[in-house]
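Student: Below you will find the structure I want to go over with you.
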Amino acid sequence: MMTIFNPLSFKIKSPKKAQLFVLSTAVFAMSAQAFEFDNIPVDKNAQLSVGANVLINKSAYDTDGTEVRVLPGVFYDNNKIYARGAQAGVYLINDGSNQLSAYTELAGSEFDPDDAGGALSKLDKRKWSAAAGLTYLRLTPIGGFRAQLATDVLGRNDGSLGRLTYLAKVSKDKLTVYPSAGFEWHDRNYNEYYYGVSNEESARSGVAAYQPSQSFSPYVSVSANYDINDKWAGFASQSLHYLPNDLYDSPMVDSRIEANTAIGLLYKF
């Protein structure tokens, strides 16, 4: 997905989460200064890419059809700020081998009861949200190792999520492929919003009440970029998430696998 959140464009609705996010960012920023990382200079010739992509989402929810959206996309990285996929951020450390960033991103999924049948159609709607947090990437000769931790900042699920990911890069001529694999953690609040059924919903719909706990789930992803010419590039990605038992046992779910596909076209300025 290539929709971009501006890290300064939204308000954090939870004061405690806002304080925690600001404090954590300040601590890491001071740590970066204390260790005196030799950061890469700002790239004044950084290239901006703007375009659009088609997002195809086959969620694990027991709903009809596949969700298809057309979304704008922006890619930019000048070694100080970046916009990349569904994420935008600011580097606190970027010395060529270590990258520590404060970031925002799209998070969560969407459940529309109008697309569900039977009793599920009487449940509440679940919405996408935005998360803000910190991400650390260590670049090595055998690939990148990334750790991320973020929390909901729109007050929709009030949850937190984390990821541990291995990333690789393979280039040949005009084609660059980025395979990755890892694990994603969701806390109880996150899972209760997206996969739980409250007592009120159960009484209204007849669907059994359900309260999942925190979860760890594996995922794999591959994305590719093809430079058509000096100005145009094509982009595609595919990711698969495997739902653990605590999420698969939700009465809202009918599949172990959630799949996201994106196909896009970018213009380079």
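Student: Going toward the positive end of the dipole of region 137-232, with +1 on Lys and Arg Cβ and -1 on Asp and Glu Cβ, which of Tyr178, Asn229, Gln211 do you reach last?
Tutor: After comparing all options, I get Asn229.
Student: When ranked by the protection proxy of mean other Cβ atoms within 10 Å per residue, highest first, what sequence do the peptides 78-90, 166-178, 101-113 form?
Tutor: Top of the packing list down: 101-113, 78-90, 166-178.
Student: Measure nothing but the geometry: give the 0 to 90° angle between the long axis through the Cα atoms of 15-35 and the longest principal axis through the Cα atoms of the chain, rounded to 10°.
Tutor: That helix lies at roughly 30 degrees to the long axis.
Student: Another one. Relative contact order for the chain using alpha-carbon pairs under 8 Å, separation at least 6, rounded to a whole percent?
Tutor: Over the chain, the number comes to 18 percent.
Student: Let me ask something else about it. Hey, what do the phi angles of region 145-156 turn into as Karplus ³J(HN,Hα) couplings, whole Hz, using 6.51/-1.76/1.60 and θ = phi - 60°, x for Gly and Pro?
Tutor: These are the phi-based 3J(HN,Hα) values: 10, 10, 10, 9, 9, 9, 9, 5, 10, 9, x, 8 Hz.
Student: Show me, for region 226-236, the HN-Hα J-couplings you get by feeding each phi into the Karplus relation (A = 6.51, B = -1.76, C = 1.60, θ = phi - 60°), rounded to Hz, glycine and proline as x.
Tutor: Values, residue by residue: 10, 7, 5, 7, 5, 10, 10, 9, x, 9, 8 Hz.
Student: Can you work out the accessible area per residue across region 156-223, with the rest of the protein chains kept in place, probe 1.4 Å, in square angstrom?
Tutor: With the other protein chains kept in place, region 156-223 gives 54 Å² per residue.
Student: Which value results when the Cα radius of gyration for region 126-269 is divided by 2.2 N^0.38 Å?
Tutor: Output field value: 1.27.
Student: Further question: Nearest 500 deg cm²/dmol is fine: what mean residue ellipticity at 222 nm does the chain get from its DSSP H runs of n ≥ 4 alone, each adding -39,500 (n - 2.57), divided by its residue count?
Tutor: Here the helix-only value at 222 nm equals -4500 deg cm²/dmol.
Student: Considering the values (1) 32; (2) 20; (3) 38, which represents percent of Cα pairs over 30 Å apart as calculated for the structure under consideration?
Tutor: Computed from these coordinates, percent of Cα pairs over 30 Å apart corresponds to label (1).
Student: Also: Too long at a 22 Å Cα-Cα cut-off: which of Lys127/Lys268; Lys58/Lys268; Lys174/Lys268; Lys172/Lys231?
Tutor: Table pairs above 22 Å Cα-Cα are Lys127/Lys268; Lys58/Lys268.
Student: Rounded to a whole number, what % of the accessible area of region 163-248 do carbon and sulfur atoms account for, probe 1.4 Å?
Tutor: Within region 163-248, the accessible surface is 58 percent carbon and sulfur.
Student: Moving on to the next point. Amide H of Ala52 versus every other amide H placed in the peptide plane: which residues, excluding those fewer than 5 positions away on the same chain, fall under 5 Å?
Tutor: Amide H neighbours of Ala52, under 5 Å, 5+ apart: Gly73, Leu265.
The values are calculated or read from the model by the stated rules, or taken from the named source; none is laboratory data. Quick caveat: nothing in here was measured; it's all calculated off a predicted structure. Glycine also receives a Cβ, built like all others from the backbone with ideal geometry; neighbour counts cover every protein chain displayed. Keep in mind that these areas ignore ligands, DNA and RNA; they rest on the heavy atoms of the full protein, side chains included. Shrake-Rupley method; radii C 1.70, N 1.55, O 1.52, S 1.80 Å.
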